[in-house]
Amino acid sequence: MDKNEVIFAAVDIGSTKVVALAGKKIEDNKIQIIGLGHSASRGIKRGVILNIEEAFAAVNDAVSQAEKECGQVLENVFVNISGQHLTTFTTRAQQTIGRDHTVTESDVQQMTEKARQINLADGMTIYHINSEFYTVDSEPGIINPIGTIGEKIEGTFKLHIAPEAYSRNISTCFRQGSINVQKTILDPIASSSVILTDDEKEAGVALVDIGGGTTKISIFCDGVLCYTSMVPFGGNVLTHDIKEGCSITVRQAESLKVQFGQAMADFAPEDKVVTIPIQGWEPRQISFKSLASIIQARMEEIVDGFAFQITKSGYADKLGAGIVITGGTSLLPNLGQLIKFRTGFDVRKGKPNLNYFQARKEIDDPRFSTVLGLLKMAAEEKGPVGKGKRPKTPKAISNEPGIVEKMKNGLKQKGNGIKQGILNFFEEVPADTEMNQDS
């Protein structure tokens, strides 16, 4: 590969995994994925970096894999922002523009800046702002006012606010590897760009991302992001319940969930069981019906949790396109039926729209939605990945011998052990787990 070729990079920081992608534009303006890496999350809870050192180890692992495949050092990346304290506020701004004045883009930009001038709680910052609608003189409900004629214009805006520490911790983490965070994008903005259609966003839709550690709710209406919220648990609690209910290990429970689990016990066959080998003990048999009952009980709590958030948002009666589910847990069979039964909304599973990308089998998975959205945005902004080689010793911590020593020795020595000890989130079955299905 040409070392001077412009490529783009994105990193998805999740509660259970970190994914890095590198890509370049090819013919038909599509994006070719030329580098892919992933690792288990460390030092990250509910999508937020809490331990800089541990999080960097996970990021470094994923980015290094992507770099190795694409043959270039990734120095600039797009990164997602998420967290339990991401909230949405509504504010208004108005401006008198003069009699018979034609509204210009400059007028709209000035109003947007006025909307930003609100008092925020200490430590909070605005990560995204978008207009909901405008009123020109006495004419309300205008989506795009540019070109209209009037004397006074008022805009209603949605401000998406979260702790400033979210982005600060991300930047600090990446600086340890001399990686520049070129832009941070709200998680729902990124994932929706490759999952939702423009028609769905206009009609009203709730995008529900059921990940490993969290369930994120993002509501779009009239084409814009109107509400964000989070339920602080996801697929990991299903795994924990299976572990406790069946008295098995976490790895075995995860394998059971992925291979044989489903969201509704009524659809599970009563005469099928799975045999779990347990070293030194008699193999344990668990029926498909019992497994589905455990999963359904917890999934109902998760569904009720995000259904409450949808009702709380005030947009429940505006979801003409219903609910679109994504994330690893959305792959559970019959989950759509369970959600429709408990909420009354139409449901579809959201997978990334790969029309933007050159076909590659590994990325055709809802768990790649956020990082693909980030990469798409990076390519659209033509943000180049830097050239050259990254220093082996991170600049940001070069004066901290303890951390440097750990990075030089500990990560190198323990790297293989870490890889062997974590669950590969993109493989259905852990390599060392064998289960037999009996009927």
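Values computed for the structure shown
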| quantity | calculated |
| --- | --- |
| Total residues in the range 77-99, condition on the phi < 0 side of the Ramachandran plot and either crowded, with 17+ Cβ neighbours inside 10 Å or part of a loop (DSSP other than H, G, I, E, B) (or both) | 12 |
| Lone qualifier among ALA359, ALA297 - being surrounded by fewer than 16 Cβ atoms within 10 Å (Cβ to Cβ) and assigned to a loop (DSSP other than H, G, I, E, B) | ALA359 |
| Options LYS312, LYS361, LYS340; residue that is more than 20 Å from PRO232 (Cα to Cα) and either touching a helix residue (DSSP H, G or I) at 6+ places or on another chain (Cβ under 6 Å) or not assigned by TED's automatic domain parsing to the domain that holds VAL79 (or both) | LYS340 |
| Verdict on LEU207 being within 23 Å of the chain's Cα centre (by Cα) and modelled with pLDDT of 95 or more | yes |
| Checking TYR227 against (1) closer than 20 Å to GLN296 by Cβ; (2) hydroxyl-bearing (Ser, Thr, Tyr); (3) at pLDDT 90 or above, the condition it does not meet | (1) |
| Selection count where residues are of a type in the set (D, E, K, R) and on the phi > 0 side of the Ramachandran plot, scope the range 13-47 | 2 |
| All positions within the range 55-76 that are part of a loop (DSSP other than H, G, I, E, B), hydrophobic (A, V, I, L, M, F, W, C) and surrounded by 24 or more Cβ atoms within 10 Å (Cβ to Cβ) | LEU74 |
| Residue list for the range 40-54, filter: assigned to a loop (DSSP other than H, G, I, E, B), among the charged types (D, E, K, R) and in contact (Cβ under 8 Å) with a residue 40 or more places away in the chain | ARG46 |
| First in the range 312-341 and surrounded by fewer than 24 Cβ atoms within 10 Å (Cβ to Cβ), second anywhere and of a type in the set (Phe, Trp, Tyr) and modelled with pLDDT under 95, Cβ under 9 Å, 6 or more apart | LYS312/TYR227; SER313/TYR227; GLY314/TYR227; TYR315/TYR227; GLY328/PHE425; PRO333/PHE267; ASN334/PHE267; GLN337/PHE267 |
| Filter pass, ARG99 being at pLDDT below 90 and not assigned by TED's automatic domain parsing to the domain that holds ARG46 | yes |
| Failed condition for GLY83, given (1) out of contact with any Pro (no Cβ under 9 Å at 6 or more places or on another chain); (2) closer than 25 Å to GLU381 by Cβ | (1) |
| Meets criteria (part of a strand (DSSP E or B), surrounded by 13 or more Cβ atoms within 10 Å (Cβ to Cβ) and in contact with a helix residue (DSSP H, G or I) (Cβ under 6 Å, 6 or more places away or on another chain)) for THR156 | no |
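The values are calculated or read from the model by the stated rules, or taken from the named source; none is laboratory data. Owing to the predicted nature of the structure, the values given are computational and were not obtained by experimental measurement. For neighbour counting, all protein chains shown are included, and Cβ atoms are generated from backbone atoms with ideal geometry for every residue, glycine included.
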